[in-house]
Amino acid sequence: MSLVISAVFVTQLGLRPPSLVNLAALTLLVGLSNQLQLRFRIGAVRQGLSWADAAVLLTIAIVPAPWGIFCTAVGAAAFKLAQRSDPVKVAFGVSKDTLNATAGTLVLLSLGVAGPVQSPLKSLGALALAQLTVAIVDEVVAIPVISRATGTRIRNHLLTHWDLRATSLVSGFVVAVAVLVLLDLNRVLLVAIPPLVLSLQLWSSGRLRSRNDREAWQRLAAATDALNDVDLDRVVDRAAASAAGLFQANGAEVELDGEDGSARLVRHTDGAKVHDGPAATVSSFPGDHIAVSLDDHEGMAHVGTLRLLFRGPVRLSELETYKLKTFASALTTAVRNASAYAELARLAAQHEHDAAHDALTGLANRRQLMDKGNQQLTKQHAEGVTALLLIDLNHFKEVNDTLGHPAGDRVLIQIADRLRDKTHDTDLVARLGGDEFAVLFTGLPAPAVARHRAENLIRAVHEHLDIDGMRISVEASGGIAAAPNAGGMSELLRRADVAMYQAKRSGQRVATYTRARDTADVGRLALGGDLSRAMAEHEFTVNFQPIVDLSTGEVIAAEALARWHHPEQGTIDPLRFLETVERSGLLPVFADAVLDQSLIAAGTWREAGFDLPVAVNVSPRSLLDARFPGSVMARLRAHDMPPDRLILELTETLTISQLEVVDQVLGRLRDEGIRLALDDFGTGYSSLSVLSRIPVHELKIDREFVMAMETSAEAAAVIRSTVDLGHSLDLVIVAEGVESEPQRRTLWELGCVAGQGHLFARPMAAARLLAALHRGSGGRPGTLAPPLHDEGAVIRLSPHRRQAAAKPRPDRLPHLHP
């Protein structure tokens, strides 16, 4: 197009062509100016700063405008063809240079300056504007095309060596003006121009090379410093990201060899991570690449490969190749260091895990149990109750002796899996050694919930195991202890151990720690020496806690609770002295004394018009005494009390083996008309077994479940199932520990008939209870609480209440209204 414009100018204006010498000289000047370049690379494309702009300005300023364009086009074409460039590149280069000359020519023509310029100094402004126009057009045309072809950003091209480009533009303009001035003054002086141009070229070349080297080494130092990290992922990611910028590549990737033969590849292209995963899952990069192996200094260990990615063919200089090897060496060292650190961290984590876990089962070991337990005990008041279950397998030695230790190990592994599966996420299961396991319960709403969970765990342990094609059964004993106020985890573990051995001695599956059974309790042992004196001095007294109809508030019975008023220690809780009494040989005397005081109180109430049965707790040891029924009947006759006015409360610690012995005793008591109640129901594994053997009339729900039922779904479920069981067996259900009206109402709605607790009255002397009965509640003698519903009110019964009301109930307790 520019050549056509030139031809039009020549034809229309009738311009005579300059001499062939001038045309040849200017054409040669344009070609040489393209050859004389400062070369640098961006991506896969090498670019250069040349004197072409100055040559174009001289050409269009010396000869008439159209001939200047013509010389530029011919000179550029000759240079490109001489280099045997690609035809497309030749066409683009010639078109670009011709367009530059045309733009400069138009600027000169528009300013009234046309070649040949007669007075260069007077036309400096026009020449400067023409030079600037040539430079701008060159950048606008070339940079977008190169950016698109190389896949790099236009911004990178504009900012790369912008100061050198500006200096080259000014230098070229100065040289071009100097040539024009010398041509105007004396052409002989032109001999000074080549040395000047050469000096400027050498200075610019040296400056460019020095800058490139300095910046390259700075970038290399920064990149290798960034690799000093112990995290392998960060090392590889930084290496791929920095290598692309460091070597002006379109991207870079690091491929690491895996121990299993697989390879991991991390690739960055165009400033972003595009892949991090198995090398086999990524496609090859479209273009050329330069790879360097990541080997140690001796070449013995190969860790992977670093690749520079280019969208076109590229060849690194000798200096760039050296820097690439330096970077690869630093990367190799960083990868090996990070891998070594990762292995050390893995070993440290493994050692830490092994130090806190049992090698055979993978459960926590004693050390972890103690550490977590002590941590939990410091905050248990804020996060609920903490309790410990200790489990010991019974006769496990027989498994090892009969089947061998490998089979015994498999038994322990299966037991561990069952315990792990049956516990909550907040619980910690540990193996303490041998056949002993522990479960730390945390965040419990009440201690009784620990007992309930423990029963489920022991039940799971007792299920059959499949070992080498054989079905075997393993039994276990468990001891539960709630967190003490002092002593930490060591004391909690000791107490659970005491409870566990108590379970073994008594034949129970689970036992709960009480101080009365703790042989290590020095204070309890000291009480043993005071028992005889206490019996003689009548230091044992009986208080009574009323049992109330939950619906009407009417007192329907009273439970006798023994108290020891020690002259030095004050009132002593029964849990501390009852087992001492049992072991002392004074149990029959103690039982007779408590029964006498209870029957005397019941007779006093009866004479006052309140015919209330009295409930007395019975020690399991008393039931092993065949004389016990006769002694009870003798006391009833002595106090002229009907047998059905006495309720004997049995603890759920009775087991099947003991029931074999006490069946006869219990049968005689029931035949005589004495009523039987099962106390603390729901806290023992043998609940259903006891019910199937003991002909009880009443079930008493443990106070811990009542206290926790509003916050614990587990406790509420135990109460609900107990009430349903009582209804199905036609038994009276009494709830212990009722302390609020919401508890009372909820229990009544569930179908529970009666309750006792601080809501109605604390344990008190017989005379105080009689006074309270006379006083009554709301002017109603015999009551301790207002009724739940007004007389004549229409009540919408819950499903549990409808079930309870639908069943006719025998008169087990007088004045008991369901």
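The values are calculated or read from the model by the stated rules, or taken from the named source; none is laboratory data. From a predicted model like this one, the values you see are computed outputs, not experimental measurements. Using ideal geometry, Cβ is built from the backbone for each residue, glycine included, and neighbour counts are taken over all protein chains shown. The accessibility values were calculated without ligands, DNA or RNA, using every heavy atom of the protein model including side chains. Shrake-Rupley method; radii C 1.70, N 1.55, O 1.52, S 1.80 Å.
Which of the residues belonging to the range 434-464 are buried (at least 18 other Cβ atoms within 10 Å of the Cβ) and part of a strand (DSSP E or B)? The answer is Phe437, Ala438, Val439, Leu440, Phe441, Thr442, Leu444.
Applying the criterion of at least 2 residues that are under 38 Å from the mean Cα position of the chain (by Cα), aliphatic (A, V, I, L, M) and at negative phi to the strands (runs of 3 or more DSSP E) found wholly in the range 265-357 leaves 272-278, 302-310.
Within the range 546-592, being of a type outside the set (Val, Ile, Thr), touching a helix residue (DSSP H, G or I) at 6+ places or on another chain (Cβ under 7 Å) and open to solvent by less than 10 Å² (accessible area, probe 1.4 Å) holds for Pro546, Leu550, Ala558, Ala560, Trp564, Phe577. Within the range 619-644, the set of residues being within 27 Å of Gly782 (Cα to Cα) and touching a helix residue (DSSP H, G or I) at 6+ places or on another chain (Cβ under 9 Å) comprises Arg635, Leu636, Ala638, His639, Asp640, Met641, Pro642, Pro643.
Looking only at the range 482-500, residues that are within 17 Å of Arg431 (Cα to Cα), under 32 Å from the mean Cα position of the chain (by Cα) and modelled with pLDDT of 85 or more come to 4 in all. In the range 420-433, the residue that is most open to solvent (accessible area, probe 1.4 Å) out of those that are within 20 Å of Ser712 (Cβ to Cβ) and either touching a residue at least 60 places away in the same chain (Cβ under 8 Å) or not in a loop (DSSP other than H, G, I, E, B) (or both) is Lys422.
Under the condition of being outside any helix (DSSP H, G or I), more than 40 Å from the chain's Cα centre (by Cα), in contact (Cβ under 8 Å) with a residue 60 or more places away in the chain and buried (at least 17 other Cβ atoms within 10 Å of the Cβ), the residues counted in the range 710-734 number 2. Test Asp225 against the stated conditions and say whether it is out of contact with any Phe, Trp or Tyr (no Cβ under 7 Å at 6 or more places or on another chain) and at pLDDT below 80. Judged against the criteria, Asp225 is not a match.
Taking the range 471-503 as the range and being among the hydrophobic types (A, V, I, L, M, F, W, C), without any contact (Cβ under 8 Å) to a residue 60 or more places away in the chain and either within 23 Å of Asp679 (Cβ to Cβ) or part of a strand (DSSP E or B) (or both) as the test, the residues that pass are Val498, Ala503.
The single residue among Phe577, Phe540 that is over 27 Å from Arg505 (Cα atoms) and of a type in the set (A, V, I, L, M, F, W, C) turns out to be Phe540. Every test in (1) touching a His at 6+ places or on another chain (Cβ under 6 Å); (2) open to solvent by 70 Å² or more (accessible area, probe 1.4 Å) is passed by Ala244 save one, and that test is (2). With respect to the conditions (1) at pLDDT 85 or above; (2) closer than 29 Å to Ser477 by Cβ, Tyr685 falls short on a single one, namely (1).
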